[in-house]
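Single-structure report; data block below.
Every number here is computed from the coordinates shown, using simple stated rules; none is lab data. All values reported here derive from a predicted model rather than from experimental measurement. Counting neighbours? That spans all protein chains shown, and the Cβs are built from the backbone with ideal geometry, glycine included.
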Amino acid sequence: NAGVTQTPKFRVLKTGQSMTLLCAQDMNHEYMYWYRQDPGMGLRLIHYSVGEGTTAKGEVPDGYNVSRLKKQNFLLGLESAAPSQTSVYFCASQQVTSTDTQYFGPGTRLTVL
Amino acid sequence: GDSVTQMEGPVTLSEEAFLTINCTYTATGYPSLFWYVQYPGEGLQLLLKATKADDKGSNKGFEATYRKETTSFHLEKGSVQVSDSAVYFCALPSNSSASKIIFGSGTRLSIRP
């Protein structure tokens, strides 16, 4: 049982390049989330999904797109990376019946030059 | 809207010192309250929770009591260890669907041997 995994762990992009971050969970959770973590700002929700085939915007969605084609996977895309998107990205998942515990992946550190 | 405010860090203590990290919240009703911990290089994980007023959550020697009258959920530990060095996040569920969680900005704790 691997829990929540994220790939890649690190990535450096040039401004304007695109990339996709992959999140996978093996706990059969319905809900999945993408956050970014910046110094002094805690975690901010980018997008989330309440089930396969559904996505919704969070607090800071601009410049990102997501897809949930399979229940276990939640992809975060950057179509044209900007330096302001330099951050650590975390994926999380949660049971529908739970009101508290989100399970987090180890994070992806992204630098945009 | 609902929000969480926690003391700013960093907090540096010597081993075996007493720890308090303050957290206050603003919320509609009486939501569950959580403390999450993020160890270096890892994602967040739930440390403890309390689901109603006067409840005390505890785990790994940490405690926090849900105080309705002061809208607080301060984290305490009687004797910290070097291994407690981490970032601590106070959090509560968003008053919306999809089980979203509102996180505080995090408090970095460093313990000196």
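Is there a residue in segment B:32-55 that is in contact with an Asp or Glu (Cβ under 8 Å, 6 or more places away or on another chain) and among the aromatic types (Phe, Trp, Tyr)? Within segment B:32-55 (the criterion being in contact with an Asp or Glu (Cβ under 8 Å, 6 or more places away or on another chain) and among the aromatic types (Phe, Trp, Tyr)), the answer is yes, since at least one residue qualifies. Checked against the criteria, A:Lys71 does not count as of a type in the set (D, E, K, R), out of contact with any helix residue (DSSP H, G or I) (no Cβ under 6 Å at 6 or more places or on another chain) and exposed (fewer than 14 other Cβ atoms within 10 Å of the Cβ). The residues listed here are B:Thr28, B:Thr20; of these, the one that is polar (S, T, N, Q) and part of a strand (DSSP E or B) is B:Thr20. Residues that are in contact with a strand residue (DSSP E or B) (Cβ under 8 Å, 6 or more places away or on another chain), under 19 Å from B:Val37 (Cβ atoms) and of a type in the set (D, E, K, R) do not occur anywhere in segment A:58-76. Could you list all residues from segment B:18-66 that are of a type in the set (Phe, Trp, Tyr) and under 22 Å from B:Arg112 (Cα atoms)? B:Phe18, B:Tyr36, B:Tyr39, B:Phe62 - these are the residues of segment B:18-66 that are of a type in the set (Phe, Trp, Tyr) and under 22 Å from B:Arg112 (Cα atoms). Of all residues assigned to segment B:41-57, at least one qualifies as being assigned to a strand (DSSP E or B), over 26 Å from A:Gln37 (Cα atoms), free of Cβ contacts under 8 Å to residues at least 12 places away in the same chain and in contact with a strand residue (DSSP E or B) (Cβ under 8 Å, 6 or more places away or on another chain). Could you please let me know if B:Arg108 is charged (D, E, K, R), more than 14 Å from chain A (Cβ to nearest Cβ) and at negative phi? Criteria not met by B:Arg108. With the requirement that a residue be away from chain B (no Cβ under 14 Å) and of a type in the set (Val, Ile, Thr), what does segment A:76-97 give you? Hit for segment A:76-97 is A:Thr86, nothing else. I'd like the residue in segment B:73-91 that is crowded, with 17+ Cβ neighbours inside 10 Å and under 14 Å from B:Asn22 (Cβ atoms) and, out of all such residues, is nearest to the other protein chains (Cβ to nearest Cβ). Among residues in segment B:73-91 that are crowded, with 17+ Cβ neighbours inside 10 Å and under 14 Å from B:Asn22 (Cβ atoms), the one nearest to the other protein chains (Cβ to nearest Cβ) is B:Phe89.
Is it the case, given these coordinates, that A:Tyr35 is within 14 Å of another protein chain (Cβ to nearest Cβ), within 20 Å of B:Ile101 (Cβ to Cβ), hydroxyl-bearing (Ser, Thr, Tyr) and touching a residue at least 60 places away in the same chain (Cβ under 8 Å)? No; evaluated as a whole, the condition is false for this residue. As a summary of the residue check, A:Gly40 satisfies the conditions (1) over 22 Å from A:Tyr103 (Cβ atoms); (2) within 14 Å of chain B (Cβ to nearest Cβ); (3) not in a loop (DSSP other than H, G, I, E, B) except for the one numbered (3).
Quick one: is A:Gly53 at the interface with chain B (Cβ under 9 Å from one of its Cβ atoms) and more than 12 Å from the chain's Cα centre (by Cα)?
When the stated conditions are applied, A:Gly53 does not pass them.
Within segment B:1-58, being more than 10 Å from chain A (Cβ to nearest Cβ), under 25 Å from A:Phe90 (Cα atoms) and of a type in the set (Phe, Trp, Tyr) holds for B:Tyr25, B:Trp35, B:Tyr39. Residues considered: B:Ala27, B:Ala91. Of these, the only one that is in contact (Cβ under 8 Å) with a residue 24 or more places away in the chain and closer than 20 Å to A:Gly107 by Cβ is B:Ala91. One residue stands out in segment A:17-68 among those that are among the charged types (D, E, K, R) and touching an Asp or Glu at 6+ places or on another chain (Cβ under 8 Å): the one that is surrounded by the most Cβ atoms within 10 Å (Cβ to Cβ), namely A:Arg68.
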